[in-house]
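A short write-up of the structure that comes next.
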Amino acid sequence: MIARLCALLLCLGIGGAQADSSLNEDELRFVTANAEFTLLHEMGHLLIHELQLPVLGREEDAADQLGFIGLFLLYRRQDDPAFAARLLDVADYWRLEWQRPKPAREQVREWDSHALDAQRFYTIACLAYGSDPAQMEWIIQATGLPEERAFYCDQEYAQALHAVNWLKEHFRRKPGEPMGERIEVIYDAPSYALEDGEQLLARIRASGELEAVASKAADTFALPRPLVLRMTNCGAPDAWYDHRAGELTLCYEHLEHLRRLAAQLPHLRNGAEQGRALPAQGGRQ
């Protein structure tokens, strides 16, 4: 969905980095998979608030599941090894965040509305394995998912998929039903000193990727009010949905953060790859 947009931003040096052509296939896939998951996660928050969806438990957990299942609903390629590698990328983002030393202001505390990074890692790994235990058994060794959790992962995935299907059945706009409000896409100029800044913005807009996401959401669900999807500078790697303002924000800095985490993938996966057979065509080097 937004792979071309992410590749464009990274190659043109968003985040203050110099133009970087050194990203290998694994790293670029990691960045695009997690940028997409971030967008789908925040879209989950948008739908929860705008459609007044019932949520039991933490909203952040529900948004994670909506984002993860959204990947399946978008691609429907669970048996494609390259697609399976994207699911591992999403899990490994949370493993890298879990292992990354953080200043106190970035640490997730036990009382936070978000699950701990380690918990999010194991939950995503569990959903990936549970989506097709026969084809995805290698996820157990790749992530260290304990057997005590893996035993129930097919049920966890089935439960999440049922919830998303229920959402589609009850809230999807019916044929002939009037359109709801739209999602306006706004691009703020990057604050970084780029000689080709105007050209950059022109290329981002020309890609049409974010507009496609916004249109898909508005076409699928009858949204009750006009909303905004904004790409902007935030001063920190982040993304969020502000239900008071009706605005979903994606930060340029988040893409740069993903690029830096991607550079750690070889070290992270070296041990795991020595002990398992990778899926064919999985894109790993």
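The values are calculated or read from the model by the stated rules, or taken from the named source; none is laboratory data. Predicted model, so just to flag it, every value in this text is computed and none were measured. Glycine also receives a Cβ, built like all others from the backbone with ideal geometry; neighbour counts cover every protein chain displayed.
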Tabulated pairs, segment 131-155, first on the phi < 0 side of the Ramachandran plot and in a helix (DSSP H, G or I), second surrounded by fewer than 13 Cβ atoms within 10 Å (Cβ to Cβ) and of a type in the set (A, V, I, L, M, F, W, C), C-beta under 9 angstrom, 6+ apart or interchain: 138/277
Residue check for residue 124: without any contact (Cβ under 8 Å) to a residue 24 or more places away in the chain and assigned to a helix (DSSP H, G or I): no
In segment 54-96, residue nearest to residue 38 (Cα to Cα) [restricted to those that are modelled with pLDDT of 85 or more and in a loop (DSSP other than H, G, I, E, B)]: 58
Enumeration of residues in segment 81-110 that are touching a residue at least 24 places away in the same chain (Cβ under 8 Å) and among the aliphatic types (A, V, I, L, M): 82, 84, 85, 87, 88, 90, 91, 96
Within segment 97-127, considering residues that are modelled with pLDDT under 95, of a type in the set (A, V, I, L, M) and more than 20 Å from residue 56 (Cα to Cα), the one surrounded by the fewest Cβ atoms within 10 Å (Cβ to Cβ): 104
Check on residue 272, more than 27 Å from residue 180 (Cβ to Cβ), in a helix (DSSP H, G or I) and at pLDDT below 90: yes
